[in-house]
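Down below is the structure, laid out as structure tokens.
The values are calculated or read from the model by the stated rules, or taken from the named source; none is laboratory data. Nothing here was measured: the structure is a model prediction, and the numbers come from that model. Glycine also receives a Cβ, built like all others from the backbone with ideal geometry; neighbour counts cover every protein chain displayed.
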Amino acid sequence: MTSMFAAWRRRTDPERFDAYTRWSLYLILVTVPPLMAVGVVGAERPTQVVGVGYLVLTAAQVVAAVVVTRGSLLRALGGAPVPRRWVLVLAVVTVAAAVVALTGLGTDGVDPFGGRAVAVTTTLGTTLLAVAPQLRSGIVVLAAVGVAVAAGVADLDDAATLVPRIVSAFFIVASLAISFRLSAWMLGVVWEQERARTVHARLAVAEERLRFSRDLHDVVGRTLSAVALKSELAAELARRGQDGAVEQMLQVRELAQDSLKEMRGVVAGYRSADLTAELEGARSVLRSAGVHTRVIGDATGVPDPVQEALAWVVREAVTNVVRHSSATSCTIDLAVAPDGPGPDGRVARLRVTNDGVTPAPTRRPGSGLVGLTERLAAVGGELAATAVPGRFTVEAIVPLTVASTGTMDAQ
């Protein structure tokens with residue numbers, strides 16, 4: 001018993017709801033038809049053979065109905081069709097029970113119905129309940145009408161109660177059958193929501209992996225490029241016996257320490273980037289690489305969310321200049337322009353242009369620019385990369401209205 005309760009507690013909410021619903025339907029099938037059959041036999045008092053035969057057929061019908069109901073629920077949830085042999089068994093038992101009821105039971109027993117009408121309603125209604133979960137609602141209602149008419153014509157001796165008999169049978173059978181159909185629909189909705197929740201969780205994990213990969217590239221890429229460059233410079237100075245090798249290696253150590261701090265920030269989920277610091281860092285890194293650098297404009301008047309987005313652009317663009325070009329000059333131009341969308345029509349425009357472009361017509365776009373495009377899209381911005389003979393430009397445009405929507409992390 002303890003293990004049963006423990007197993008029940010381990011079930012998820014959808015699994016518990018599924019169990020509640022299924023066993024509620026099974027309970028209706030194993031209680032209502034037998035009770036009605038016993039009541040009819042007790043009231044009508046047919047011959048022993050007819051009474052026992054009708055009760056046995058009712059019990060067999062209940063077993064077949066439970067199996068078919070289980071299959072109907074599975075079918076309604078997208079599973080395999082109901083096994084034909086059980087459908088055939090249910091049909092045969094239903095016909096046999098209906099024949100026994102029509103030929104062996106009387107018409108005067110349970111008011112306002114005769115015993116025959118009650119037996120026919122119970123027999124046909126049980127079969128309808130079993131197949132209702134996989135039928136459309138309209139078909140269920142039409143089938144309930146058929147059961148009600150059959151209950152009415154089962155006892156034509158009392159014409160005065162014909163209409164009440166049909167109406168009562170219809171509402172009883174239709175309400176139960178529709179409840180079976182709605183139960184299957186609710187199960188489908190619950191499991192669909194569970195699948196959607198699972199897919200959403202998997203997508204969240206995948207997005208976080210992509211985010212971490214992108215941040216790792218953005219944070220470490222530029223630093224490693226600068227470390228490699230300064231290490232080569234220090235080695236060359238040491239080889240020539242010139243001063244400055246020690247200073248360069250100290251700068252390498254400083255870069256490594258800064259990279260470690262930024263890496264810890266990425267792992268902790270803090271992805272902020274300071275635009276002013278990135279502009280100064282870009283100037284330092286490019287000059288160390290022998291690239292004449294010109295920075296036009298500053299971050300004054302640019303909201304923090306926009307600064308963060310553009311800071312990543314500066315970082316990636318400078319990394320690409322060091323890695324993928326033989327640049328001798330680079331211009332970083334930052335300005336606020338009044339020609340953008342939004343109520344105030346202002347955008348922050350960042351343009352990074354360098355020379356010394358290495359021809360690579362077959363090279364695929366790197367993950368860095370793809371990551372930047374995703375970052376800017378999150379704040380309503382756009383990224384464009386254009387190449388002309390001897391010159392490469394990365395341009396980012398972000399509307400200043402993003403400041404009212406929160407930070408990039410909120411996005």
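Which condition number in (1) of a type outside the set (Val, Ile, Thr); (2) in a helix (DSSP H, G or I); (3) more than 39 Å from the chain's Cα centre (by Cα) is the one that GLU262 fails?
Looking at each condition in turn, GLU262 falls short on (3).
Might you check whether a residue that is in contact with a Pro (Cβ under 8 Å, 6 or more places away or on another chain) and of a type outside the set (Ser, Thr, Tyr) occurs anywhere in the range 173-182?
Checked the range 173-182: at least one residue is in contact with a Pro (Cβ under 8 Å, 6 or more places away or on another chain) and of a type outside the set (Ser, Thr, Tyr).
Working carefully through the options ALA7, ALA59, find the one that is surrounded by 12 or more Cβ atoms within 10 Å (Cβ to Cβ), outside any loop (DSSP other than H, G, I, E, B) and in the same structural domain as ALA96 (by TED's automatic domain parsing).
Sole residue among the options that is surrounded by 12 or more Cβ atoms within 10 Å (Cβ to Cβ), outside any loop (DSSP other than H, G, I, E, B) and in the same structural domain as ALA96 (by TED's automatic domain parsing): ALA59.
I need every pair where a residue in the range 278-297 that is part of a helix (DSSP H, G or I) has its Cβ under 9 Å from the Cβ of a residue that is of a type in the set (Phe, Trp, Tyr), sequence separation at least 6 or different chains.
Listed pairs, sorted by first residue: GLU278/TRP312.
Of the numbered conditions (1) over 30 Å from ARG22 (Cβ atoms); (2) touching a residue at least 60 places away in the same chain (Cβ under 8 Å); (3) polar (S, T, N, Q), SER183 fails exactly one; give the number of that condition.
(1)
Considering (1) at pLDDT 85 or above; (2) within 43 Å of the chain's Cα centre (by Cα); (3) not hydrophobic (A, V, I, L, M, F, W, C), say which one ASP274 fails and leave the rest.
(1)
Between ARG70, ARG22, which is of a type in the set (D, E, K, R), assigned to a helix (DSSP H, G or I) and out of contact with any helix residue (DSSP H, G or I) (no Cβ under 7 Å at 6 or more places or on another chain)?
Just one listed residue meets the conditions, ARG70.
Just wondering, is there one or more residues in the range 359-382 that are modelled with pLDDT under 75 and outside any loop (DSSP other than H, G, I, E, B)?
Yes; the residues of the range 359-382 include at least one that is modelled with pLDDT under 75 and outside any loop (DSSP other than H, G, I, E, B).
Here are VAL167, VAL205, VAL100: which of them is surrounded by fewer than 17 Cβ atoms within 10 Å (Cβ to Cβ), at pLDDT 85 or above, in a helix (DSSP H, G or I) and aliphatic (A, V, I, L, M)?
The match here is VAL167.
In the range 383-411, which residues are modelled with pLDDT under 90, among the hydrophobic types (A, V, I, L, M, F, W, C) and over 23 Å from HIS324 (Cβ atoms)?
Scanning the range 383-411 gives LEU400, VAL402, ALA403, MET408, ALA410.
Of everything in the range 11-40, what is buried (at least 21 other Cβ atoms within 10 Å of the Cβ) and among the β-branched types (Val, Ile, Thr)? Give them in sequence order.
If the condition is that a residue be buried (at least 21 other Cβ atoms within 10 Å of the Cβ) and among the β-branched types (Val, Ile, Thr), then VAL40 is the only one that fits.
How many of the residues in the range 122-137 are free of Cβ contacts under 8 Å to residues at least 60 places away in the same chain and of a type in the set (Ser, Thr, Tyr)?
1
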